[in-house]
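Peer 1: Before anything else, here's the structure in question.
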Amino acid sequence: MAVLEISHLKKSFGSQTVLDNVSFSVEKGSVFGFIGKNGAGKTTTMNIVLGLLKAESGEVKVNGEAVTYGDTKTNRFVGYLPDVPEFYSFLTAREYMQLSLDVSGTTYPDGDQKITDLLSMVGLEDTKKRISNYSRGMKQRLGIAQALINDPVLLICDEPTSALDPIGRKQLLSVLERVKEKTTVVFSTHILSDVEAVCDEVAILDQGKIVTQGSLSELKGHLSSKRWSVTLETSDEADKVKEAMTDETVVFNIVQNGQTIEGETTEGRQAIHYILDIVTRLAIVPEKIERKEPTMEEVFLEAIK
């Protein structure tokens, strides 16, 4: 079942077309990566999904209900984390969560326990500090807890890791791993390593159009690997193999690190045969020869060419 359905969405600002016939759907229980360069139209799309921005044409459905500009009733199904969430900084996390629960109108048999569970999930259950003393990463994690206060069927995270340091990003991605057990997540970002860490499905937006979409394995499977590595038993053997790699039409950008040699090729299978010919001729038995899996960066760059 699709929790979010976007069909033939178009939006312009003046003479600039921001969204050009954008269509994709997000299945229940998935973490969907919505990828694009800064200014590609990701936030514009999310604002239309939230009913905060009017599209010129197209249709958006959340949990089977059509989204109408200015009528945010479908937002009862949605939790939202912007890239820079705002809080009443004089409150503690628990006080802010209680306020959010009251404002949402959602009722639970034990509201205090619900707040405790959410704060525990994001690692803030024991902090007594006021939000004004939080780090950026702590604020993002509190933002996720607040976005889940109404048990949404869809959580939208708009560039949530863009301004975090490596530790903050790792903590937030860990939280999203736990969140996907409870709800469907749309994760818009331009940080491709984050996509590889948490996403099941991906759509790439470029110049207002969806240029490719599918699972990570599908997208990587469509792109032939251009990187390879060979590991030898000793550094001396690696020296000999590297020295014999003279055909730059097959292998190039060769780098040796101890017993391992890595490089690129125009065609992965041809490179493997070439390496096997070399080690056979030198009577060297390699520990390992492998074609490296394409990275999300390679997939992205190929898609937007």
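Peer 1: State the extension gain, in nm to one decimal, for the chain segment bounded by Ser25 and Leu282, taking 0.36 nm per residue of separation less the distance between their alpha-carbons.
Peer 2: 87.2 nm
Peer 1: Additional query: How about region 31-101: which trypsin sites (Lys or Arg not before Pro) there are in a DSSP loop, with at most 16 other Cβ atoms within 10 Å of their Cβ?
Peer 2: When the trypsin sites (Lys or Arg not before Pro) of region 31-101 are filtered for loop state and at most 16 Cβ neighbours within 10 Å, Lys37, Lys54 remain.
Peer 1: Show the residues, 5+ positions off or on another chain, whose built amide H is closer than 5 Å to the amide H of Gly41.
Peer 2: Answer set, sorted by chain and number: none.
Peer 1: Add -39500 (n - 2.57) for each DSSP H run of 4 or more in the chain, then divide by its residues: what number comes out at 222 nm, to the nearest 500 deg cm²/dmol?
Peer 2: The per-residue figure over the chain is -10000 deg cm²/dmol.
Peer 1: Next question. If amide hydrogens are placed 1.01 Å from N in the peptide plane, which non-local residues have theirs closer than 5 Å to the one on Asp83?
Peer 2: Asp158
Peer 1: While we're on this one: Place a +1 charge on the Cβ of each Lys and Arg in the chain and a -1 charge on the Cβ of each Asp and Glu, then give the dipole magnitude about the Cα centre in debye, rounded to the nearest 20.
Peer 2: Details: 34 positive and 45 negative charges, 183 e Å.
Around 880 debye, computed over the chain.
Peer 1: ³J(HN,Hα) across region 176-187 via Karplus (A = 6.51, B = -1.76, C = 1.60, θ = phi - 60°), whole Hz, x for Gly/Pro?
Peer 2: Computed from phi, the couplings for region 176-187 are 5, 4, 6, 5, 5, 6, 10, 7, 7, 10, 10, 10 Hz.
Peer 1: Extension gain Lys10-Lys129, at 0.36 nm per residue separation less the Cα-Cα distance, in nm? Mind dumping the intermediate values first?
Peer 2: On the way: separation 119, 0.36 × 119 = 42.84 nm, distance 4.44 nm.
Full extension from Lys10 to Lys129 adds 38.4 nm.
Peer 1: A further question follows. For region 223-304, what Kirkwood radius comes out of the mean inverse Cα-Cα distance, in Å?
Peer 2: By the Kirkwood definition, the hydrodynamic radius is 12.9 Å.
Peer 1: Based on the Kirkwood radius over alpha-carbon pairs, what value in µm²/s does the Stokes-Einstein equation return for the translational diffusion coefficient of region 149-305 at 4 °C and 1.567 mPa s?
Peer 2: 71
Peer 1: Ok, one more. Percent of alpha carbon pairs in region 53-175 separated by more than 22 Å?
Peer 2: 38
Peer 1: Right, another one. With viscosity set to 1.567 mPa s and temperature to 4 °C, compute the Stokes-Einstein D of region 154-223, Rh being the Kirkwood radius across alpha carbon pairs; µm²/s, no decimals. Don't jump to the answer; show the numbers that get you there.
Peer 2: Details: Rh = 13.0 Å.
Estimated via Stokes-Einstein, D reaches 100 µm²/s.
Peer 1: Please list, or write none, the lysines whose alpha carbon is within less than 27 Å of the alpha carbon of Lys242, excluding same-chain residues fewer than 8 places away.
Peer 2: Leaving aside lysines fewer than 8 places away in the same chain, those within reach of Lys242 are Lys226, Lys288, Lys292.
Peer 1: Taking Cα pairs under 8 Å and at least six residues apart, what relative contact order does the chain come out at, in percent?
Peer 2: Reported as a whole number, the value is 19 percent.
Peer 1: Turning to a different aspect of this structure: Would you mind calculating the gained length between Glu264 and Glu290 on full extension (0.36 nm times residue separation, minus the Cα-Cα distance), in nm to one decimal?
Peer 2: Result for the pair: 8.2 nm of gain on full extension.
Peer 1: Continuing with this model, one more query. Quick query: amide H of Val67 versus all other amide H atoms, modeled in the peptide plane; which residues come in under 5 Å with a sequence gap of 5 or more or a different chain?
Peer 2: Val60, Lys61, Val62
Peer 1: Let me ask something else about it. Return the distance in nm (one decimal) between the two label points of a simple spin-label model at Asp239 and Leu91, each offset 7 Å from Cα along Cα→Cβ.
Peer 2: 6.7
Peer 1: Got a sec to turn the phi values of region 188-205 into Karplus ³J(HN,Hα) couplings, 6.51 cos²θ - 1.76 cosθ + 1.60 with θ = phi - 60°, whole Hz, x for Gly and Pro?
Peer 2: Each residue's phi maps through the Karplus curve to give 8, 6, 10, 9, 6, 5, 5, 4, 4, 6, 10, 8, 9, 10, 9, 10, 10, 9 Hz.
Peer 1: With unit charges on the beta carbons (Lys and Arg positive, Asp and Glu negative) and the dipole taken about the Cα centre of region 223-304, which residue among Thr234, Gln270, Ala244 sits farthest to the positive side?
Peer 2: Highest projection toward the positive end goes to Gln270.
Peer 1: Once you have the alpha carbon radius of gyration of the chain, what is it after dividing by 2.2 N^0.38 Å, with N set to its residue count?
Peer 2: 1.24
Peer 1: Using a Förster distance of 41 angstrom, determine the FRET efficiency expected from the C-beta separation of Tyr108 and Ser215, and round it to 0.05. Please list the in-between numbers first.
Peer 2: Details: r = 35 Å, r/R0 = 0.85.
My answer for the efficiency is 0.70.
Peer 1: Hey, another quick one. How large is ³J(HN,Hα), in whole Hz, for each residue of region 161-169 in order, when computed from phi with the Karplus curve 6.51 cos²θ - 1.76 cosθ + 1.60 and θ = phi - 60°, using x for Gly and Pro?
Peer 2: Karplus-based 3J(HN,Hα) across region 161-169 equals 10, 4, 10, 8, 6, x, 5, x, 5 Hz.
Peer 1: Picking from Thr280, Leu301, Asn257, whose Cα lies most toward the positive end of the charge dipole for region 223-304 (charges on Cβ: Lys, Arg +1; Asp, Glu -1)?
Peer 2: Thr280
FYI, it's all coordinate maths here, none of it is from the lab. All values derive from a computational prediction rather than experimental measurement. All Cβ positions, glycine included, derive from the backbone under ideal geometry; neighbour counts span all protein chains shown.
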